[in-house]
1. When ranked by the protection proxy of mean other Cβ atoms within 10 Å per residue, highest first, what sequence do the peptides 207-215, 96-104, 241-249 form?
2. Put a dot 7 Å past each Cα toward the Cβ at Q132 and V93; how far apart are the dots in nm?
3. Sorted by average packing, counted as other Cβ atoms within 10 angstrom per residue and highest first, what order do 83-92, 297-306 take?
4. Quick one: which of 224-230, 150-156 comes out on top by average Cβ neighbours within 10 Å, and what's the full order, highest first?
5. H277 versus T48, label points 7 Å from Cα toward the beta carbon: distance in nm?
6. Stretched out fully, how many nm does the piece from Y28 to Y300 gain, at 0.36 nm a residue minus the Cα gap?
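Readers should treat all values here as calculations from the given coordinates under stated rules, not as data from a laboratory. Please read these numbers as outputs of a predicted model, since none were measured by experiment. Here the Cβ is made from the backbone with ideal geometry for all residues, glycine too, and neighbour counts use every protein chain on show.
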Amino acid sequence: MPKEPHTVVKTHKVRSFFAAVFAIGGIYLVLSSISVIWLNRTLTNNSTYVSTVAPLVTKPAIQKYIAQEVTTAILKNSPTQNLASALLPASEVAASTSTTQLNNLMRPIIESDAISIVQSPSFVNLWRQTNQTAHQSFINQLNNNSGQINLNLNPAITGLINELNSSQLSALAGHISVSPNTGKLSIKSANIVQAHHYYRLYETSTYGIVIAAVIAIALAILLSMKRDRLVRRILLWIGILALLQAAVLATPSFLSFSGNNEVTKNAVKAFATAIFHNLLLANLVIGIVCLAAGVGSMVYVHRKQKV
């Protein structure tokens, strides 16, 4: 016995409603999967994380930051007159009337020495070891709900000061102390809260989220009365939202900074750019592929209807 028209319409509406629900859930899970897999492949893997941040030691922004921190520690902890006598001509020392003037004259000299050490092979190894140690602290911070992540580069600063024995500051190297807060960078962003969320998802089940995304989209397609159209819409929405996520990650305002020190700001930006690079790239590739597939399908159907 054939179904009555109103029963068929009601069935279609129910199926369309649940198809839409599963489609929305599937799109959300796909986007979540991108971030969860990124956490799995980059941030939570020690060797991958170190490989990601190790090249930063060659970046001028990082070299400048390390040199600045070392120079500040030296100027703060060393007797100004003794340091000036070791680094400056006697005429300049005599002509300077204040500690500030002497510090301004010595800062570029000390920074130059520090940068030459940062560029040495021995410091490259020290930089890798520092980030290997810092990674565990980084993972512990992902368990919190804070909107920032602190990176402790203090061991690299301390190690660099120990290597000053090979520079013109060798006589003072053993007398320089470094405070525990020296070399600590804070990355602040609203997206870090999302990183905490995705980390908890990652801890629960990486593959489970991917499987749930596939099941949700499969159910949406199965329940839909117009499957081709639904597939196109899913592709378009995944593409658009993934590209929006990539755009947010690429926007300078993605990060917020505290203080007015441009050198520190540039170092934080260099670190964040390196850490989030793979996530940005994944969103960009998936967004372009899905958007191209969705638009291409629409164009194909339109041309086919004309024929």
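1. Working: 207-215: 15.4, 96-104: 13.7, 241-249: 18.2.
The peptides rank, most packed first, as 241-249, 207-215, 96-104.
2. 4.3 nm
3. On the way: 83-92: 14.8, 297-306: 10.4.
In descending order of packing, they fall as 83-92, 297-306.
4. Details: 224-230: 14.6, 150-156: 19.7.
The packing order, highest mean first, is 150-156, 224-230.
5. Distance between the two pseudo-spin positions: 1.5 nm.
6. Working: separation 272, 0.36 × 272 = 97.92 nm, distance 2.69 nm.
Full extension of this stretch gives 95.2 nm more.
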